[in-house]
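K.L.:
This is the structure, below, for whatever I ask next.
The values are calculated or read from the model by the stated rules, or taken from the named source; none is laboratory data. Bear in mind that the values here come from a model prediction, so they are computed numbers and not experimental data. All Cβ positions, even for glycine, are placed from backbone atoms using ideal geometry, and neighbour counts span all protein chains on display. When the accessible area is computed, the model is the full protein with side chains, heavy atoms only, and any ligands, DNA or RNA have been set aside. Shrake-Rupley method; radii C 1.70, N 1.55, O 1.52, S 1.80 Å.
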Amino acid sequence: MKRIIKGISLFIVIVLSLVFAYPLNTHALTEQTSFVNINNTQSLEVGSLSFTNISFKDFSSISTQAFGLAGIVRNSSNNEINYTSTAYYYDSNYNLIAQGYNSATAISGSNSFSQMSNLSILNGHSVNEIYYYRLSIETNDNTNTSLNNTTSLTPSKNYQYSSYDYVIDKYDINIIVNENNTFDITETITAYFNVSKHGIFRTIPLKNTITRLDGTTSTNRTQISNVSVDNEYTTSRENGNYKLKIGSASRTLTGEQKYVIKYTYNLGKDPVKDYDELYYNIIGNEWDTVIGNVTFSITMPKEFDSSKLGFSSGTTGSTDNSKVKYNVSGNKITGSYNGILGVGEALTLRCELPEGYFVGARLDINIMNYILFLIPLIFLAIAILLWYKFGRDDQVVETVEFYPPQGFNSLEVGFLYKGQADNQDVTSLLIYLANHGYIKIAETEEKSLFSKCKGFKITKLKEYDGNNINEQIFLNGLFTKGPSFTSLFSKTPETPTDNINEVTSMDLYDNFYITMGRILSNINNKENKHKLFEKSASSKTVFIILMIIATFCMITIPPVFTYGEAGMLIVALLFPGIGFTVMFSMLFGGTKTIYVNGKATHSSIGTKLFGLVWGGMFGGMPWAFTVLPALLQDSTYLIGYIIGVICVLGMVICLKYLPKRTPYGNEMLGKLKGFRNFLETAEKDKLEAMVMQDPTYFYNILPYTYVLGVSDKWIKKFESISLQAPSWYDSPNAFDMMAFGSFMNSTMTSAQSAMSSSPSSDSGGSSGGGSSGGGSGGGGGGSW
């Protein structure tokens, strides 16, 4: 009896072991069609699955870039059934030329069947070569392997990922696609932290570059709204991404943590003309860890052709979909990824949709974009109105003049003509004072070890006895060593502390600049300016400058703040602001005349070129690294920036011509223009008559020609007219007008350089036609 009981017990144990090892509800069925002509439809029964209306599809000539079989599959059971389908494709001679494989799930009821493949499986053959196909279906409705399968797809339970700071054990994405091409997205992320972390961060692209298998590309801008997270979080924009930083800086976590992120993703108007498309990175390729147990659900707004739907996974550009299992039931797509996505790997779906599938797709209107365009234009209009009312000069009437206005020296004539005296105007007093008997200018020969060159020496003939403050400051400054720095702020002449009677250009270097500054400060003061220009223009000038600054800030701050780094705003404003100001001043500033080898030339050729290069380097390089990348992220900001720059240029031009001359200033300008015109166009006979009347006429007029920019023409006109050397000129050679003109031009150039030089100060330096990651959205994330 005991033996019988023992035998029965052993039998029961063996039976139970077999039951658990090989579950009784495992049913593996395989059915296969015969050769089917691609122009015919086919049906196939496999257990509880009924495949009907199977037909051949060729999408090789459209963006889907695929071919294969599609139809309907009906599951008559109440359970989900997993199945694999293998399609064999043959030519007209029944030679096998391609084979496609797919894995899918059929839920209870009606489902879409799709056995589509990329063109790459043809291995050089063409879809046109396919005449027949055979379809093999294998089903397996075993539901007891899900626990083991889930465990194998969970990174935290796999020792090979134990060295990661964190892993993502489960990632579920639910997407509701709306008819206006916006997506309501819910992401449920289950992370596992192997080391202490505050949480995770999620980056979502605000601009996408889309790459399709047919070689076409496009870009789109996106908007993100309705953001919510079931945890503490902050938002920011970095490098063209919308960033969610989830977690608390005051708390660290280990082990399993779950995060639910919800947001609306607006893709705007579909960029393709002939069709619409759903092309989305379900998982982006910018995650810095592995991701397991990926599941997804996509609900479309209306019916679509599921045979044009495809998936791809892996590294960027991959078209592999062997691990993607999905189901299409009605307008809903559900599926999973049967594997673990590695670092930088993505999961992407694409489906070509009929043109007009999305209706009313557009980005939300941002009022700031309109302000970005409108305000600079308003500022420009205001600047133009201010110029029209306060800046337009009355018509200048030129009068015929043979002499400069009576009672004005050459410095004052330069101020009256240009409205602003400069270093060259001050230097012209050398000849003016020489004509009045105060100084003598002599040619010298300066020798060095290997060369010699001509120089000059200035000798004081008498003390100043006139009543012009600037002339007295000039003469005293010429023959005084080491003027004090405080004298720069004094309007009265400084009492000489160390008198000398002779100076050369070397004596004036780093010495006369303070005197130069005092004279310019005197002549360019407000009182004198108001004699030439209307006082009302001063406040308008400040207003236009403020509008220029506001425009520059308005077109720079929003794009840098949105797409760049907020910490770089100071760099983006300060360096380009200074550099571009220098560039604009070089472009729109007045010109000066200097003399090289006896020839008059404009300083703008050298000085402006240097200013443009320096301004471009100082402002342009930081701008290229901080502002330009942000502008390229968004065409709206780029257009707004271009409009803003044009408006700034317009305001700068208005600013330059804003000061309106007073009746007195206009009268003096007319006289000086007439005088300058005479100096340029006077005939020889007229000049000879003027010299007969006044033998010193040429020399008396000479200092004025320098401030009016016509000295070279004036000297050349007298090369054929006999003149005596002036009493204030000393040369070891016989007097010759050409030699004299060359000497005076070189003297004025070197004198101006020496007089304006200041000591330098050193400073220390310091598939469905898509590919993995090729669609919109996705992005990535990490831990912190």
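K.L.:
Applying the selection to segment 174-202, what residues are open to solvent by less than 30 Å² (accessible area, probe 1.4 Å) and within 26 Å of residue 272 (Cα to Cα)?
P.N.:
175, 177, 181, 182, 183, 185
K.L.:
Does segment 531-551 contain at least one residue that is modelled with pLDDT of 85 or more, closer than 29 Å to residue 655 by Cα and touching a Gly at 6+ places or on another chain (Cβ under 6 Å)?
P.N.:
yes
K.L.:
Could you pull out the residue among 653, 646 that is at pLDDT 90 or above, open to solvent by 50 Å² or more (accessible area, probe 1.4 Å) and farther than 26 Å from residue 409 by Cβ?
P.N.:
646
K.L.:
Is segment 54-67 home to any residue that is touching a strand residue (DSSP E or B) at 6+ places or on another chain (Cβ under 8 Å), over 30 Å from residue 216 (Cβ atoms) and modelled with pLDDT of 90 or more?
P.N.:
There is at least one residue in segment 54-67 that is touching a strand residue (DSSP E or B) at 6+ places or on another chain (Cβ under 8 Å), over 30 Å from residue 216 (Cβ atoms) and modelled with pLDDT of 90 or more.
K.L.:
Continuing with this model, one more query. Is it the case that some residue within segment 365-382 is in contact with a strand residue (DSSP E or B) (Cβ under 6 Å, 6 or more places away or on another chain), under 30 Å from residue 555 (Cβ atoms) and part of a loop (DSSP other than H, G, I, E, B)?
P.N.:
Looking for residues that are in contact with a strand residue (DSSP E or B) (Cβ under 6 Å, 6 or more places away or on another chain), under 30 Å from residue 555 (Cβ atoms) and part of a loop (DSSP other than H, G, I, E, B), one finds none in segment 365-382, hence no.
K.L.:
Right, another one. Can you tell me which residue is modelled with the lowest pLDDT among those in segment 625-642 that are touching a Leu at 6+ places or on another chain (Cβ under 8 Å) and within 14 Å of residue 374 (Cα to Cα)?
P.N.:
636
K.L.:
Would you be able to tell me the number of residues in segment 102-138 that are in a loop (DSSP other than H, G, I, E, B) and either open to solvent by 10 Å² or more (accessible area, probe 1.4 Å) or farther than 14 Å from residue 36 by Cβ (or both)?
P.N.:
Adding up the residues that qualify gives 7.
K.L.:
Just name the residue that is farthest from residue 752 (Cα to Cα) out of those in segment 529-551 that are polar (S, T, N, Q), touching a helix residue (DSSP H, G or I) at 6+ places or on another chain (Cβ under 7 Å) and surrounded by 14 or more Cβ atoms within 10 Å (Cβ to Cβ).
P.N.:
Result: 551.
K.L.:
Would you confirm, using the coordinates I've provided, whether residue 320 is of a type in the set (Asp, Glu), within 30 Å of residue 168 (Cβ to Cβ) and open to solvent by 60 Å² or more (accessible area, probe 1.4 Å)?
P.N.:
Answer is yes for this residue.
K.L.:
A further question follows. Taking segment 666-700 on its own, how many of its residues are assigned to a loop (DSSP other than H, G, I, E, B) and in contact with an Asp or Glu (Cβ under 9 Å, 6 or more places away or on another chain)?
P.N.:
So the answer is 0.
K.L.:
What are the residues in segment 39-64 that are open to solvent by 40 Å² or more (accessible area, probe 1.4 Å), of a type outside the set (Lys, Arg) and within 54 Å of the chain's Cα centre (by Cα), if any?
P.N.:
Of everything in segment 39-64, those that are open to solvent by 40 Å² or more (accessible area, probe 1.4 Å), of a type outside the set (Lys, Arg) and within 54 Å of the chain's Cα centre (by Cα) turn out to be 58, 61, 62.
K.L.:
Would you confirm, using the coordinates I've provided, whether residue 346 is at pLDDT 90 or above, under 30 Å from residue 553 (Cα atoms) and either under 34 Å from the mean Cα position of the chain (by Cα) or open to solvent by 50 Å² or more (accessible area, probe 1.4 Å) (or both)?
P.N.:
no
K.L.:
Going through segment 711-739 one residue at a time, which ones are more than 27 Å from residue 461 (Cα to Cα), among the acidic types (Asp, Glu) and in a loop (DSSP other than H, G, I, E, B)?
P.N.:
Matches in segment 711-739: 719 only.
K.L.:
I'd like the full set of residues that are within 22 Å of residue 166 (Cα to Cα), within 29 Å of the chain's Cα centre (by Cα) and among the aromatic types (Phe, Trp, Tyr), limited to segment 252-291.
P.N.:
287
K.L.:
Name every residue in segment 220-239 that is touching a Ser or Thr at 6+ places or on another chain (Cβ under 9 Å) and either at negative phi or surrounded by 14 or more Cβ atoms within 10 Å (Cβ to Cβ) (or both), in order of residue number.
P.N.:
Scanning segment 220-239 gives 220, 221, 222, 223, 224, 225, 227, 231, 232, 237, 238, 239.
K.L.:
Next question, about the same structure. Give the number of residues within segment 190-211 that are hydroxyl-bearing (Ser, Thr, Tyr) and in contact with a helix residue (DSSP H, G or I) (Cβ under 9 Å, 6 or more places away or on another chain).
P.N.:
Total satisfying the criteria: 1.
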